[in-house]
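J.: Before we start, here is the structure in question, set down as structure tokens.
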Amino acid sequence: MTRAKSSVVFLCLLLAVALCAVPGSYAKEAPGQAKVLKIGLIVSLTGPMAPGFKSMADAAKPAADVLNKRGGITVKGQKYMVEFVTEDDQSSPAGAVAAANKLMQQGIKFLIPPLFVPSNMAVAPITEEAKILRVKVSGMTKDEIGPNLHYSFFANSTTYSIGPSYDYLKKNYPGVKRIAIINADDPAARILREMTEKEIQMHGLELVFKDVFKIGTEDYYPILTKGLEKKPDAIDIMFGAEPWAVGIVNQSRELGFTGPIFASGIFGDINRVNSMLNPKYAYDVFEAAADVLSPKMPAIVKEFRVLVKQQTKAELDMTQAMLLEALHIMLQGIQKAQSFDTGKVASTLETMKSIDTIWGPGRIGGQEFCGVNHLVRRAIPISRIMKNKVEFELLDRD
């Protein structure tokens, strides 16, 4: 080979290396091979919220793997496999912003944002400006979603579970007439409480007590004592975290309350809650969330459970299943749009008349709640603890 030809070959090799090194939300590979679509994940790996949310990060690879085993996605004839890039929000809005900036520097254009409302709201301005599509695993407040937030979607919303939860209450506890609402002092609480109060009235029930407790509370006796003086038949804690649910159930039962205690939203993984309750108090407790260990789970959840157990040496939990659902919905939007342009993907998701969820068929809705179709409507999972055992069923929302 001549010196001139050697120089040309060397320059071509340098160019090829440079092209492969270009950062972006997906990495280029050789023709005929699958490429990699990188999805950002912001979650609490450290700080006070890490115990509740870290399992989501543990399930990131299994979630990608279960969808990759099903073929990933194909855009304009090219196949893409999914890979998560995870950043720690340090359990704070400031940490979430720092995590979002790190992902943006890597060229990430698709994101599963923080579950904690203030942290998601903190990243909204910079991610909207950067046109990063966000699909949150579960959302509750209009402040996180709406016509002014073109790139923000919810894979699951308590908006759609309040009505079915009260339908379930009326059907299974026909003697219930009087409701107490006891919930955390959370940014989403005001909107949800307004919606819940309307549902209580629409179901012919009476709201006899409502109050809030500060996040981090462990002693619920004072608020429960005041509430139980009003003689409620049921207590709605609306949403929350496992320690809150366990504390309210155990302490209210100790005070003599025997009626149903429920969340018209989600208070955590039902199996963990059951394991933490005093066994003699583990009855008539339900929430609008799935028992992911139930034999009734769809095939994709069962596949996911196997991968989670293999890779993390722990059982699948509800938060991890929500991550899979959000990723599944995001990928469908990309494939339907046949584009990685996030504006096109967002517009496509808004107009999709049907969408596949891990719980079965669904559709995009939300116009009546937030003025834009950015929420997923699908069957509502209900899990109930009865005599230390968990029951599960899916309720048709429509």
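Conditions (1) surrounded by fewer than 17 Cβ atoms within 10 Å (Cβ to Cβ); (2) assigned by TED's automatic domain parsing to the domain that holds residue 131; (3) at positive phi; (4) of a type outside the set (S, T, N, Q), marked per residue:
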{"residue": "321", "(1), (2), (3), (4)": "no, yes, no, yes"}
{"residue": "332", "(1), (2), (3), (4)": "no, yes, no, no"}
{"residue": "339", "(1), (2), (3), (4)": "yes, yes, no, no"}
{"residue": "349", "(1), (2), (3), (4)": "no, yes, no, yes"}
{"residue": "352", "(1), (2), (3), (4)": "no, yes, no, yes"}
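J.: Which members of region 334-370 meet the condition of being touching a residue at least 60 places away in the same chain (Cβ under 8 Å) and part of a helix (DSSP H, G or I)?
T.: Listed by number, the residues that qualify are 334, 335, 342, 343, 345, 346, 349, 369, 370.
J.: Are any of the residues in region 7-28 polar (S, T, N, Q), surrounded by 15 or more Cβ atoms within 10 Å (Cβ to Cβ) and modelled with pLDDT of 95 or more?
T.: The answer is no; no qualifying residue exists.
J.: Go through region 140-162 residue by residue and tally those that are of a type outside the set (A, V, I, L, M) and under 24 Å from residue 341 (Cβ atoms).
T.: The number of residues fulfilling the criteria is 9.
J.: Of all residues in region 222-257, which are part of a loop (DSSP other than H, G, I, E, B) and over 17 Å from residue 192 (Cβ atoms)?
T.: The answer is 229, 230, 231, 232, 233, 255, 256, 257.
J.: Now a separate question. Identify the residue in region 274-290 that is surrounded by 24 or more Cβ atoms within 10 Å (Cβ to Cβ) and more than 17 Å from the chain's Cα centre (by Cα) and, among all such residues, is nearest to residue 379 (Cα to Cα).
T.: Out of the qualifying residues, it is 286.
J.: Now for a different question. Given the options 142, 109, name the one that is among the charged types (D, E, K, R) and within 23 Å of residue 68 (Cα to Cα).
T.: It is 109.
J.: In region 372-394, how many are outside any loop (DSSP other than H, G, I, E, B) and over 26 Å from residue 144 (Cα atoms)?
T.: Of the residues in that region, 10 qualify.
J.: Please verify whether region 95-108 includes one or more residues that are of a type outside the set (Phe, Trp, Tyr), under 28 Å from residue 311 (Cα atoms) and without any contact (Cβ under 8 Å) to a residue 24 or more places away in the chain.
T.: yes
J.: Kindly provide the set of residues from region 382-397 that are at pLDDT below 95 and either under 20 Å from residue 142 (Cβ atoms) or surrounded by 19 or more Cβ atoms within 10 Å (Cβ to Cβ) (or both), ordered by number.
T.: Of everything in region 382-397, just one residue is at pLDDT below 95 and either under 20 Å from residue 142 (Cβ atoms) or surrounded by 19 or more Cβ atoms within 10 Å (Cβ to Cβ) (or both), namely 397.
J.: Can you tell me how many residues within region 258-273 are outside any loop (DSSP other than H, G, I, E, B) and closer than 17 Å to residue 381 by Cβ?
T.: Total meeting the criteria: 6.
J.: Looking at 109, 79, 102, which is the one that is within 13 Å of residue 331 (Cβ to Cβ), over 18 Å from the mean Cα position of the chain (by Cα) and not small (Gly, Ala, Ser)?
T.: After ruling out the rest, the residue left standing is 79.
J.: Out of all the residues in region 278-302, which are more than 18 Å from residue 358 (Cα to Cα) and of a type outside the set (D, E, K, R)?
T.: 278, 279, 281, 282, 283, 285, 286
J.: A further question follows. Among the residues of region 156-186, count how many are in a loop (DSSP other than H, G, I, E, B) and modelled with pLDDT under 95.
T.: Residues flagged as in a loop (DSSP other than H, G, I, E, B) and modelled with pLDDT under 95 within region 156-186 amount to 4.
J.: For region 122-143, check the following and say yes or no: at least one residue is out of contact with any Gly (no Cβ under 6 Å at 6 or more places or on another chain), at pLDDT below 90, of a type outside the set (S, T, N, Q) and in a helix (DSSP H, G or I).
T.: yes
J.: On to the next question. What pairs come out if I take residues in region 150-171 that are more than 30 Å from residue 127 (Cα to Cα) and pair them with residues that are modelled with pLDDT of 95 or more and basic (Lys, Arg) whose C-beta lies under 9 Å away, six or more apart or interchain?
T.: Between residues of region 150-171 that are more than 30 Å from residue 127 (Cα to Cα) and residues that are modelled with pLDDT of 95 or more and basic (Lys, Arg), the close pairs are 168/384.
J.: Another one. Out of region 287-338, which residues are in contact with a Lys or Arg (Cβ under 8 Å, 6 or more places away or on another chain) and among the small types (Gly, Ala, Ser)?
T.: Hits for region 287-338 are 326, 337.
J.: Among the residues in region 151-174, are any basic (Lys, Arg) and assigned by TED's automatic domain parsing to the domain that holds residue 252?
T.: yes
J.: Looking only at region 108-121, count how many residues are assigned to a strand (DSSP E or B) and out of contact with any Leu (no Cβ under 8 Å at 6 or more places or on another chain).
T.: Going through region 108-121 one residue at a time, the tally reaches 0.
J.: Which of the residues spanning region 193-229 are loosely packed, with under 14 Cβ neighbours inside 10 Å and basic (Lys, Arg)?
T.: Answer for region 193-229, where residues must be loosely packed, with under 14 Cβ neighbours inside 10 Å and basic (Lys, Arg): 198, 214, 226.
J.: So, one more: Just to verify a result, which residue in region 34-52, among those that are modelled with pLDDT under 90 and of a type in the set (A, V, I, L, M, F, W, C), is surrounded by the fewest Cβ atoms within 10 Å (Cβ to Cβ)?
T.: Among those that are modelled with pLDDT under 90 and of a type in the set (A, V, I, L, M, F, W, C), it is 50.
J.: Name every residue in region 306-318 that is buried (at least 20 other Cβ atoms within 10 Å of the Cβ) and touching a Leu at 6+ places or on another chain (Cβ under 8 Å), in order of residue number.
T.: The answer is 308, 316.
The values are calculated or read from the model by the stated rules, or taken from the named source; none is laboratory data. No experiment lies behind these values; they were computed from the predicted model shown. Don't worry about glycine lacking a Cβ; one is built from the backbone with ideal geometry, like all the others, and counts go over all protein chains shown.
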